[in-house]
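Each remark here refers to the structure printed beneath this line.
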Amino acid sequence: MNDDQLLRYSRHILLPEIGVEGQQAFVDARVLVVGAGGLGSPAAMYLAAAGVGTLVLVDDDDVDLTNLQRQILHTAEAVGQPKVLSGQATLRRLNPEVQVVPLARRLSGEALLEEVAAADVVLDCSDNFETRHAINRACHIHRKPLVSGAAIRFDGQLYVFDLRGDESPCYHCLFPEGEDVEQVRCAVMGVFAPITGIIGAAQAAEALKLLAGIGTSLAGRVLLLDGLNMEWRGIGLSKDPACAVCGQSAG
Ligand SMILES: [Zn+2]
């Protein structure tokens, strides 16, 4: 790191748990953020401000007026623009040191596998089950830690699946596909703006901890936020031995 970087990141470097070594790990890191909406906005902004070297931002949507109530990566001037380009512009203003790779499409198949393989940590900030399951599969195949968030109405959820180890449950263990879970999307449902901020920022915190290898990650637990009463609940998660993605008989 140069003198400017040492200064810019001095409040991290002052933390004994992070120091120069941890900050260097952030600078060297490549993080995949799927979704540049309510969760992806604060997550990407904190990761960029914190100095993560390369941020791959994925979203196939354009900025809409209804997004601005919570998707703080985007401004009124950006309405109509692809979210990833609007996001890239905001992140560049925040920290020109960070390289932002904008991908204005829905990642799937080989392209998703390649991006996951290239990433150190993956953040699922998406809003649909199909994408969530695809990301989970790719992270399991490439053994990448997955930090997953969700926000709807006044409720939030935060998960870390550290798929580097065999013992970790995965997203599919909790939400098996084919059970026709009702698709609840904030595209049509209400969402209290700061809930996305709280959960997205927590996703960034967990991602940075994983990159620096510090503290205890949320892996193995889920954190549920009832924002209307401001109550957090932590619940232990266990691996489903019959899981079609990470179980013993999974191909
Ligand atoms: Zn599983």
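Probe of 1.4 angstrom, ligands and nucleic acids ignored: what's the accessible area per residue over the chain, in square angstrom? Ligands and nucleic acids excluded, the result is 47 Å² per residue. Put the Cα centre of the stretch 131-167 next to the Cα centre of the stretch 83-112 and the gap is 20 Å. Excluding same-chain neighbours fewer than eight residues apart, the aspartates and glutamates reachable from LYS239 by a Cα-Cα span under 17 Å are ASP162, ASP166, GLU167, GLU177.
Between GLN5 and THR216, what is 0.36 nm times their sequence separation minus the Cα-Cα distance? Round to one decimal in nm. If you can, show how the numbers build up before the last one.
Values: separation 211, 0.36 × 211 = 75.96 nm, distance 2.69 nm.
In short, 73.3 nm is gained.
A crude spin-label estimate for the pair LEU14 and SER108, with each label 7 Å from Cα along the Cβ direction, gives 4.9 nm. Among beta bridges from DSSP that stay inside the chain, the antiparallel ones total about 55%. The alpha-carbon of LYS83 sits under 13 angstrom from the alpha-carbons of these aspartates and glutamates, leaving out residues fewer than 8 places away in its chain: ASP59, ASP60, ASP61, ASP62, ASP64.
Can you give me the % of accessible surface on the stretch 16-236 that is carbon or sulfur? Probe 1.4 Å, all protein chains present, nothing else counted.
Looking at the stretch 16-236 in its full context, I get 52 percent from C and S.
Our summary gives the stretch 1-94 a relative contact order of 25 percent, counting only alpha carbon pairs under 8 angstrom and 6 or more residues apart.
Summary of packing: across the peptides 239-250, 86-97, the per-residue average of other C-beta atoms within 10 Å ranks them, highest first, as 86-97, 239-250.
So if we plug the beta-carbon distance of ARG164 and ASN128 into 1/(1 + (r/R0)^6) with R0 = 35 Å, what FRET efficiency do we get, rounded to 0.05? Intermediate results must be reported in sequence, preceding the final value.
Numbers: r = 26 Å, r/R0 = 0.74.
Step by step, r from the Cβ atoms, then E = 0.85.
In plain terms, the chain from ARG233 to VAL188 could stretch by 13.6 nm, reckoned as 0.36 nm per residue minus the Cα-Cα distance. Highest mean first, the peptides 203-215, 105-117 sorted by other C-beta atoms within 10 Å per residue fall in the order 203-215, 105-117.
Find the Cα radius of gyration of the stretch 64-186, compare it with 2.2 N^0.38 Å by division, and give the number to two decimals. Provide the component values of the computation, followed by the final result.
Values: Rg = 15.8 Å, N = 123, 2.2 N^0.38 = 13.7 Å.
Cα-based Rg divided by the globular estimate yields 1.15.
Rg over Rh for the stretch 16-236 works out to 0.94, using Cα positions for both radii and the Kirkwood form for Rh. With 0.36 nm allotted per residue and the present C-alpha distance subtracted, the ARG143-ASP226 stretch has 26.8 nm of extension available.
Both radii were evaluated on the Cα set of the stretch 15-84; the Rg over Rh quotient, with Rh as the Kirkwood radius, amounts to 1.08. Summary value for the chain: 19 percent relative contact order, contacts being C-alpha pairs under 8 angstrom separated by 6+ residues.
The values are calculated or read from the model by the stated rules, or taken from the named source; none is laboratory data. If you're wondering where the values come from, they're calculated on a predicted model, not measured in any experiment. Note that we place each Cβ from the backbone using ideal geometry, even for glycine, and neighbour counts take in every protein chain shown. Only protein heavy atoms, including side chains, enter the accessible area calculation; ligands, DNA and RNA are left aside. Shrake-Rupley method; radii C 1.70, N 1.55, O 1.52, S 1.80 Å.
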